[in-house]
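The values are calculated or read from the model by the stated rules, or taken from the named source; none is laboratory data. Just so it is clear, the structure is predicted and the values come from calculations on it, not from any experiment. Here the Cβ positions follow ideal geometry from the backbone for every residue, glycine too, while neighbour counts run over all protein chains shown.
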Amino acid sequence: MSGSATINNTALNNNQSPSTASDGTGGAVFVDLGGTATISHSQFSNNLAGFGGGAVSSQNGNSSFSIDTSTFTSNSGTSGGGAVYPNGTSASISNSTFINNSANVGGALHSNATTVTVTNSTFVGNAAVTLNGNPGNDGAIDSRQGRSMSITALSLKIPLQEVETR
């Protein structure tokens, strides 16, 4: 989507963006260049992106999204960000729960965005999994080098894996 969208009290389940190229992002929601999305009180489960952001992704460049009081369960992003892949200007995630999401890098969250803020959120059982013989990296959260990520009041539940910045 480009422009602006609000998603509230919505269940987005079993959606796909199956391409394994970089256009295979955002299995349920894709925020296009110049777009913004506000997501609240919503549930995302069993969504798949062939590249990244099994549930939600944003385009590289001037795009952003905010997520509040939402739940992400069993989503998969093949390369990065099983649930969420912010790749634009900014992303804000608050009061949300990430359970059993998976990707090769950042089982729940893989970020290439300029700025990402995660507040009062819980990550349980998210996994970085092996892909084409490449071992998984960075369990629940991955942020790329040169990017800014602020994490406040985070709850990581077993299995505990590193939060890593490269």
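Taken over region 82-101, residues that are of a type in the set (Gly, Ala, Ser) and touching a residue at least 40 places away in the same chain (Cβ under 8 Å) amount to 3. Residues that are of a type in the set (Val, Ile, Thr) and at pLDDT below 80 were ranked within region 130-166; the one that is surrounded by the most Cβ atoms within 10 Å (Cβ to Cβ) is Val163. Residues being of a type in the set (Gly, Ala, Ser), crowded, with 18+ Cβ neighbours inside 10 Å, touching a strand residue (DSSP E or B) at 6+ places or on another chain (Cβ under 7 Å) and assigned to a loop (DSSP other than H, G, I, E, B) are represented in region 5-24 by at least one member. Considering only region 32-50, state which residues are more than 12 Å from the chain's Cα centre (by Cα) and part of a loop (DSSP other than H, G, I, E, B). Matches in region 32-50: Asp32, Leu33, Gly34, Gly35, His41, Ser42, Asn46, Gly50. Scanning region 82-98 for residues that are under 10 Å from Gly27 (Cβ atoms) and among the hydrophobic types (A, V, I, L, M, F, W, C) turns up at least one hit. For region 87-100, the candidate set comprises residues that are closer than 20 Å to Ser45 by Cβ and of a type outside the set (A, V, I, L, M); within that set, the residue that is surrounded by the most Cβ atoms within 10 Å (Cβ to Cβ) is Phe98. Within region 27-68, which residues are at pLDDT 95 or above and of a type in the set (Asp, Glu)? Within region 27-68, just Asp68 meets the criteria. Residues that are touching a Phe, Trp or Tyr at 6+ places or on another chain (Cβ under 9 Å) and in a loop (DSSP other than H, G, I, E, B) within region 51-62 comprise Phe51, Gly53, Gly54, Ala55, Gln59, listed in sequence order. Count of region 69-104 residues, restricted to those that are β-branched (Val, Ile, Thr), modelled with pLDDT of 90 or more and assigned to a strand (DSSP E or B), is 6.
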